[in-house]
1. Find out how many positive minus negative residues lie around T153, taking Lys and Arg as positive, Asp and Glu as negative, among other residues whose Cβ is under 14 Å from that of T153.
2. On a 20 Å Cα-Cα criterion, which of the cross-link pairs K150/K185; K150/K176; K25/K163; K149/K208; K149/K215; K150/K209 come out too long?
3. Could you give the length gained on full extension between N148 and I109, defined as 0.36 nm per residue of separation minus the Cα-Cα distance, in nm?
4. Once you put a point 7 Å from the Cα of F83 and another 7 Å from the Cα of S202, both along the Cβ direction, what distance in nm separates them?
5. Pop the C-beta distance of T33 and A75 into the FRET formula with R0 = 22 Å and round what comes out to the nearest 0.05.
6. Considering only the other residues whose Cβ falls under 11 Å of the Cβ of N222, what net charge follows from Lys and Arg at +1 and Asp and Glu at -1?
7. Stretched out fully, how many nm does the piece from R159 to R182 gain, at 0.36 nm a residue minus the Cα gap?
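Where a number appears in this text, it was derived from the coordinates with a stated rule and is not lab data. All of these numbers come straight from a predicted model, not from anything done at the bench. Note: ideal-geometry Cβ built from the backbone for every residue, glycine included; neighbour counts use all protein chains shown.
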Amino acid sequence: MHKGLGVILALVSMSVIGSNSIPFKDNSEIALTLSQGNYNRIFVKNDKIVEAVFPEKAMAIKRDEQDGSVYIMLAAANPFTLFLTTEAGHHFSVTLNSEESLGKTIELIPQQPLPVKVTPRQTKTSQVAGTHEAIPEAILAMLTHMENKKPFTDVVVTRQFGKAQRWGRGLTLLPKESWDGRLLKGETIELYNGGKEPLELSQEWFAKKDTLAIKFSKPTINPRERAMLYRVAGVDHG
């Protein structure tokens, strides 16, 4: 079940005691044991929980609009997974177990910052947005073949099955292919906008130290839509 947490799903009449602080990292999974018969309070330090996804009828939930915490009463006896998203863009999952106890208060503490949007080196070949004369023909050829999914001589294309990366504002990155040549290497990455606002893509978000060129299949991703990122870098021969 997907819950927009602005809606009250249960009236809260509870006695919550006890407090625990638990660290978490983005895209990680933590385990919590909560009271089966009482409400439990969960909050993220210096942040607000804005979205929760969990199995239907597994629990009742209410959000405190003031501090962004959520109150949870478990309905399922068996463990299940709760996926949480915060206002600052943190994404993580919680395996919930139950026990007979009084309600608990759990503080979750982020252990790493959101992805930093780096600025690429200001070279003539750093951005596709520049003139064609400033971009070597080999880089343009690599981008064109990647976009058209047409491998060419001396380049090995490998299907990628990497874990999705969830960034702020609902942006998710899913690796698709790697292109490995003698002088250049490329990446094809699917971008998904899971947020509520359109995302105007910036090359600076995705540039790495060795990036030579970046291209998008479209400049803006509307909510629930996808775009492709094509990134080309040089090969380090040591």
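1. 0
2. Going by Cα-Cα distance, K149/K208; K150/K209 fall outside the 20 Å limit.
3. So the extension gain works out to 9.7 nm.
4. 2.7 nm
5. Efficiency, rounded to the nearest 0.05: 0.90.
6. +1
7. Answer, rounded to one decimal: 6.4 nm.
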